[in-house]
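A quick write-up on the structure given underneath.
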Amino acid sequence: MKAILMLIVLMCSLASFSQDSSKVEQYCQVVATSKLLSNKVTIDVDYGEERSFWKDHRLKDEDGRFKKFNSVIDAINYLGKQGWKLVNAFPVSDGSSPRYHYVFKKEFLKSEME
């Protein structure tokens, strides 16, 4: 009887562990725009959330200030340190200089997404 009870407890704990450890990929799109009269770039991040014209989507640091990057590579390295992996990069031109779009992905535990 104890062996059966122990087996049931073990199976339940393994089942709950496997549910918590399932991962899901999340994607984001980064748009790099050069600043006027500067070598620095501004990074706008789209996580797929509803966007508002009135809300600023530039990347912020831990203190809530807009993160400044020396170059696009600086921004890519920053996101890499945060666990994001570069998937694709492509230019989009609107008649003026092209803006570069970068797609990143990162795995999250399913439990973190709820």
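Under 20 Å from a point 7 Å along the Cα-to-Cβ line of E62: which residues of segment 75-114 have their amide N that close? Flagged as within label range: 75-84.
Longer than 25 Å from Cα to Cα, which of K55/K110; K68/K105; K55/K105; K35/K55; K60/K85; K40/K110 are they? Say none if no pair is. Beyond 25 Å between Cα atoms: K55/K110; K40/K110. Tell me the net charge near D56. Cut-off is 13 Å between Cβ atoms, D56 excluded, with +1 for each Lys or Arg and -1 for each Asp or Glu. The answer is +4.
Full extension of the segment from D46 to E25, taken as 0.36 nm per residue of separation minus the current Cα-Cα distance, would add 6.1 nm. With a Förster radius of 30 Å applied to the beta-carbon distance between S34 and K105, the computed FRET efficiency rounds to 0.75. Among I73, I43, a tally of other beta-carbon atoms within 10 Å of each Cβ gives an order, fewest to most, of I73, I43. Counting neighbouring Cβ atoms within 10 Å and putting the fewest first, the residues R65, R51 line up as R65, R51. Ordering F69, V45, V92 by the projection of their Cα atoms onto the charge dipole of segment 22-113, which places +1 on the Cβ of Lys and Arg and -1 on the Cβ of Asp and Glu, puts F69 at the extreme positive end.
Rule-based calculations on the coordinates, nothing more; no lab input. Just so you know, these numbers come straight off a predicted model, no measurement behind them. Counting neighbours? That spans all protein chains shown, and the Cβs are built from the backbone with ideal geometry, glycine included.
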